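Working notes, beginning with the structure itself.
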Amino acid sequence: MKKIAAGIISAVAGGTMLVSGAGVASATTLDTELRIRDISPNPVVVKGNSETKAYFDVGASRDVEKVVLSVEPASSRFRTMRTKGVDDLEGWRYAIAFNKNDPEGKWKATAVAYNEDGRRIATDSAYFYVDVRKGRADTRISRFSASPYKVRKGRSIYFSGRLQVDDHRWEGVRGERVSIYHRASGSSAWKWVDSARTGRGGKFYGKTRAYRSGSFKAVYRGDRELQPTTSRTDYVRVYSWRR
């Protein structure tokens with residue numbers, strides 16, 4: 001029997017997906033057998049800018065001449081924007097690539113069987129999940145300042161700045177730790193002097209005692225979701241009191 005495979009994927013713009021669980025199969029006729037036997041991997045995990053292929057194994061009886069496989073998000077709130085091709089891998093096996101632009105969550109796979117006359121004779125469906133992990137977001141420390149720009153030895157130096165994340169636009173990040181470092185004039189070593197937690201709008205404040213002239217900078221080390229970043233440097237001149 002000649003096997004003809006075709007497939008269409010319904011994908012959604014600007015979303016993400018998550019995959020898990022086995023599909024429930026049910027043929028629509030008693031004479032024809034059609035079943036989505038396996039979806040692997042499940043869930044489909046997409047990391048960063050890479051693509052992850054999901055493989056679909058379909059079982060069909062001898063009277064099936066053609067199988068059309070399609071996938072789409074299970075939620076009706078996603079609007080179909082475009083279609084993507086399905087690779088035929090022989091023996092009613094198919095491969096579909098997912099990326100970070102696909103919607104995350106529960107998806108539905110549907111197989112439709114046709115006979116040699118082109119008549120639809122059976123259908124089957126199964127569910128899976130797609131998990132899109134887009135990688136760590138870019139961050140920056142803006143408006144970092146060490147003041148006053150000239151201070152007597154032993155007095156306080158005050159720091160301020162804002163930690164922001166690029167989430168389509170720059171927004172403040174709350175509850176993150178930012179460390180302040182000092183490099184004395186004539187030295188190449190940076191030494192920690194203070195740490196602070198960011199508050200509303202990503203703002204942070206700190207202070208230290210003035211001992212030597214030099215540059216200050218703020219450093220955020222990042223976490224599983226946010227990239228590390230370092231502020232610009234700011235110079236403070238420290239002078240001794242003389243009568």
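Give me D for region 139-239 in µm² s⁻¹, whole number, from Stokes-Einstein with Rh from the Kirkwood sum over alpha-carbon pairs, 20 °C and 1.002 mPa s.
Estimated via Stokes-Einstein, D reaches 157 µm²/s.
Among K217, K203, K191, what is the fewest-to-most ranking by other Cβ atoms within 10 Å?
K191, K203, K217
Counting other beta carbons within 10 Å of each residue's own, what order do E90, E51, E176 fall into, fewest first?
Taking fewest neighbouring Cβ atoms as first place, the list is E90, E51, E176.
Could you go through region 224-240 in sequence order and give the Karplus-derived ³J(HN,Hα) for each residue, using 6.51 cos²θ - 1.76 cosθ + 1.60 with θ = phi - 60°, rounded to whole Hz, and x for Gly and Pro?
In residue order, the calculated couplings are 5, 10, 10, 6, x, 7, 9, 7, 5, 8, 9, 9, 10, 8, 10, 10, 9 Hz.
For region 156-165, what does the Karplus curve 6.51 cos²θ - 1.76 cosθ + 1.60, with θ = phi - 60°, yield as ³J(HN,Hα) per residue in whole Hz, taken in order and with x for Gly and Pro?
Result, rounded to whole Hz: 8, 10, 10, 10, 7, x, 9, 9, 10, 10.
Estimate the FRET efficiency between A184 and T230 by the formula 1/(1 + (r/R0)^6), using the beta-carbon distance for r and 25 Å for R0, to the nearest 0.05.
The pair A184/T230 has a calculated efficiency of 0.85.
Give, rounded to the nearest 20 debye, the magnitude of the charge dipole that region 139-239 has about its Cα centre when Lys and Arg contribute +1 at Cβ and Asp and Glu contribute -1 at Cβ.
So the magnitude is around 620 debye.
Read-outs: derived from the displayed coordinates by stated rules, not from any lab. Please read all numbers here as calculations on a predicted model, not as lab measurements. Counting neighbours? That spans all protein chains shown, and the Cβs are built from the backbone with ideal geometry, glycine included.
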